[in-house]
Amino acid sequence: SAVTLGRLPTELPLNVYCGDRFQHTLEFVDDLTLLPVDVSGFTYRAQIRSAQTDTAIMATFSFDLSMAAFGLVTMTLLPAVTTALLLPAENKSTKAATWDVELTEIADTTNVLTPFAGPVSIHLDRTR
């Protein structure tokens, strides 16, 4: 998924399977040239919540920034985190939630951008 910084978030739906490692690489490109944008000068935060207005955080992503200079940032949820997103006791096979990712510029912490956001479909695993 590619995005240009400084616009409204690009909608990016996520599908998470409980008990599995979830990993997705975000791609940042220049809107005109379609060349990668160096996004190594930012810190990253991303969370899943039941609803946008919900104060409870269901999950927090970790980030691999090793390719950020080339416009690629990988976000991850470990199996222990995805397992807790939907419990068998909830008696559901899927659950809807929402997520977004915020970038804060290291050189100017007042510059906060939200390049991606969207719905999350959480699917209960069958093998436990």
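Restricting the search to region 65-81, which residues are open to solvent by 20 Å² or more (accessible area, probe 1.4 Å) and more than 21 Å from V29 (Cβ to Cβ)?
Looking only at region 65-81, we keep the residues that are open to solvent by 20 Å² or more (accessible area, probe 1.4 Å), and these are 65-67, 69-70, 72, 74, 78-81.
The answer is L78, P79, A80, V81.
May I ask you to list the residues in region 48-61 that are farther than 26 Å from V37 by Cα and assigned to a strand (DSSP E or B)? So that I can check it myself, show each step before the final result.
Initial filter on region 48-61 (farther than 26 Å from V37 by Cα): 49-59.
Within region 48-61, R49, A59 qualify.
Restricting the search to region 24-46, which residues are of a type in the set (A, V, I, L, M), open to solvent by less than 80 Å² (accessible area, probe 1.4 Å) and in a loop (DSSP other than H, G, I, E, B)?
Keep residues of region 24-46 that are of a type in the set (A, V, I, L, M), which gives 26, 29, 32, 34-35, 37, 39, 46.
Next, from what is left, pick out any that are open to solvent by less than 80 Å² (accessible area, probe 1.4 Å): 26, 29, 37, 39, 46.
Result: V37, V39.
Among residues belonging to region 100-121 that are open to solvent by less than 60 Å² (accessible area, probe 1.4 Å) and of a type in the set (D, E), point out the one that is farthest from E27 (Cα to Cα). Quick ask: steps written out before the conclusion?
Kept after step one, since they are open to solvent by less than 60 Å² (accessible area, probe 1.4 Å), are these residues of region 100-121: 100-105, 111, 113-121.
Restricting the remaining residues to those that are of a type in the set (D, E) gives 100, 102, 105.
On the way: D100: 15, E102: 14, E105: 17 Å.
Result: E105.
Restricting attention to region 85-99, and to residues there that are among the aliphatic types (A, V, I, L, M) and open to solvent by 70 Å² or more (accessible area, probe 1.4 Å), which single residue is nearest to P13 (Cα to Cα)? Walk me through how you get there before you give the answer.
Taking region 85-99 and keeping what is among the aliphatic types (A, V, I, L, M), we get 85-87, 89, 96-97.
Still in the running and open to solvent by 70 Å² or more (accessible area, probe 1.4 Å): 87, 89, 96.
Numbers: L87: 21, A89: 25, A96: 11 Å.
Among those that are among the aliphatic types (A, V, I, L, M) and open to solvent by 70 Å² or more (accessible area, probe 1.4 Å), it is A96.
The values are calculated or read from the model by the stated rules, or taken from the named source; none is laboratory data. Being a predicted model, the structure only gives us computed values, none of them experimental. No Cβ is skipped: glycine too gets one built from the backbone with ideal geometry, and neighbour counts run over all protein chains shown. Calculation scope for accessible area: heavy atoms of the full protein, side chains included, ligands and nucleic acids excluded. Shrake-Rupley method; radii C 1.70, N 1.55, O 1.52, S 1.80 Å.
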